[in-house]
Every structure is written in C-alpha cells, then in structure tokens.
1. With the structure loaded, tell me whether residue 237 is at pLDDT 90 or above, assigned by TED's automatic domain parsing to the domain that holds residue 201 and among the charged types (D, E, K, R) or whether it fails that test.
2. Does residue 229 satisfy the criteria of being modelled with pLDDT of 85 or more and within 19 Å of the chain's Cα centre (by Cα)?
3. Which numbered condition trips up residue 252, out of (1) part of a helix (DSSP H, G or I); (2) crowded, with 21+ Cβ neighbours inside 10 Å?
4. Among the residues of segment 157-177, is there at least one that is in contact with a Lys or Arg (Cβ under 8 Å, 6 or more places away or on another chain), within 25 Å of residue 280 (Cα to Cα) and surrounded by 14 or more Cβ atoms within 10 Å (Cβ to Cβ)?
5. Going residue by residue through segment 275-283, is there one that turns out to be more than 21 Å from residue 167 (Cα to Cα), modelled with pLDDT of 85 or more, surrounded by fewer than 15 Cβ atoms within 10 Å (Cβ to Cβ) and not small (Gly, Ala, Ser)?
6. Given the residues 253, 238, 227, which is the only one that is of a type in the set (A, V, I, L, M, F, W, C) and in contact (Cβ under 8 Å) with a residue 60 or more places away in the chain?
7. Which members of segment 139-184 meet the condition of being modelled with pLDDT of 85 or more, small (Gly, Ala, Ser) and assigned to a helix (DSSP H, G or I)?
8. Are any residues in segment 185-211 farther than 16 Å from residue 243 by Cα and assigned to a helix (DSSP H, G or I), and if so, which ones?
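The values are calculated or read from the model by the stated rules, or taken from the named source; none is laboratory data. Model, not experiment: these values are computed from the prediction. Here the Cβ positions follow ideal geometry from the backbone for every residue, glycine too, while neighbour counts run over all protein chains shown.
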Amino acid sequence: RALLSSPQCFLSVSPLWVEPCFGSGAPGSRSACGFRRRLATNLNAGSRNAPPILPASTNRSNWKCRAPLTEQELRKTQGDLIQAGKLAGLGQMSAALSHEFNQPLAAAKSYADSAALLIDRGRVPEAQDNVRRISGLIDRMASISRHLRNFARKPNEKLGPVPLPDVIADTLEIVAPRLKAAEAKLIVELQEDGLAVNAGPVRLQQVLVNIISNAADAVEGSEERDIVLSARRVEDRITIEVRDHGPGVPAAIAERIFDPFFTTKGVGKGLGLGLSISYNIIKDFGGNLSVTNHPDGGAVFRILLDPANAAREAAE
C-alpha cells in the first residue's frame, strides 16, 4: 500500500476526502475515479505525521484532495462549543441565581404590603421610603438580568483593549450567587489602576467565571474560603491569577485538567468543558493559561496576556 505524502493533501480537520482519479475522464467523474475514500475519523495535531493510506495501484499524479469543512465553518463550530460551555455554566449556577432573584422579590413584596398598611394609617412619608426600597431592589434585579443576558449572548467581538477593572466587575455580577452559596469571599488585588489587556471582553469574562466558579467548588466546606483574584504587570505581559485555599491539584489531574470533558466532579455537577474552553479562549488571545499549586496550599490558575498598548504598538 502507498502512503499519501503530498503536503497539499493533508489537512488537520475532519472529514477529509481523498479522490485519486484515473483514465482520461474528467477528474472526479464516475468513469475517471476508480477509488474514493472518506476518512471519517477526526485528525488532530497529534496525527500530522500519520497520513492516510491509499492502495499501491493509485497513480499519485492524478489524485486530489478537498476539505468540505472550511476554516470559517471550523471557527463557527468552535464558537458553538464556547457558547454551549457558557450556557452549561449558567445551568449549573441556576439554583444560586434563582435564590438571587427570589430574595429581593420576597423583600419587595414585604415592603409593598407594609407600604399599603402605612398609607391606610396616613403615614405616607414612611410608605414612600418603602417604595424607594422596592425601586432599589428592582434596579438590582435588572442589573443581574442584564449581566446574565450579556454573558449568555453569543459574542461577535474582535480583540482589542479590555480594561480589567470593568471585566472583573461584570464577572462579579455573575459569580456572586455561586460565591454566596459556597460561603466564599473573593478578594480583588490590582497592582495598578488602568490595567488593560488585548482580548475580547465577553470571552475573557467567561474565562474568569469558569475559573472563579471552580475555585468556589474547591473551597466549599474548607475552613479558609478566601479566593484571591490578582492582576499585575510582569515584564512585557500582564498576569492574572486566581488563587483558592482548597486541596490543590494533584499532579496526575494537572496533566489533564485542560482536556475536553475531563472532570473530577460528580454526575450533573460539571461537563468538563469549562477549563478546556477557557484554555482555548486564552490561546486565541495569544496568551497562556496554566495551573500550579501554591506553596501554602490551594491551586493557582495563571493567565498571561499581552497588555493593550503592546497590541496597538504591534499593529502600528
């Protein structure tokens, strides 16, 4: 059997069609093509040096390759997977989010009932105070709803300057219910004001939501439940770290923690997509995502990104 070795006929996507054509008929026609084979298995980066196999009778000078999946379609598939990961994360937080809405709704009803009684008794100024409190609760729920909607929306964004204080504030709106459920405290430490990275704001927020949610899972039930989110400039890059005080990450798990569908959580508590998607998002930004154990205990997820000004200078 002959090996397919032409670089023009290798593509790291699936499916790959290989059509060796013979005779004088038109390429691809029934009379011209005596052999047609479809490789149905996915080809990944690890199989770059393992080309498909063709019969020895194949005339290499006459075969051709075509890939039905274009780069645009592959990017769409990747985007769909990222979107699925976001929605799965929101689904896992649904109980905490429900509580976040039910609590102000119950308080608003109590204030409304009280306001009605106060009006009946002629105590209008006190009733007005209750109405103002109800308005504040509604604003709070609207803010949560707006952040959830923006987070769930499919991003169509180009890379550009992303101020870290803004994206961290938006992230806190999403993860606050999960932190409350775990009785965890998030401490934010920014080395300087005005830190900005070259990224996409919605996707970077998705990465932070995934990592902080994992940290909340790690510290739940622990004695120390502080989670530290820090950002600082290190040489020509910006480092974002999320450190928890959980049990840490064993070496065997650290090797696979960014693999798709790898999870140590129980059934129904995780799909194993969050960290894998986060890793690829950061890679798409031209950065790096890694995990280590802190000397004093707990895990540290580290994100390295280019500062926004470096991206502008490179473009110029």
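1. yes
2. Criteria met by residue 229.
3. Residue 252 satisfies every listed condition except (2).
4. Yes: segment 157-177 contains one or more residues that are in contact with a Lys or Arg (Cβ under 8 Å, 6 or more places away or on another chain), within 25 Å of residue 280 (Cα to Cα) and surrounded by 14 or more Cβ atoms within 10 Å (Cβ to Cβ).
5. Looking through segment 275-283, none of the residues is more than 21 Å from residue 167 (Cα to Cα), modelled with pLDDT of 85 or more, surrounded by fewer than 15 Cβ atoms within 10 Å (Cβ to Cβ) and not small (Gly, Ala, Ser).
6. Checking each option against the conditions leaves just 238.
7. 169, 176, 181
8. Result: 201, 202, 203, 204, 205, 206.
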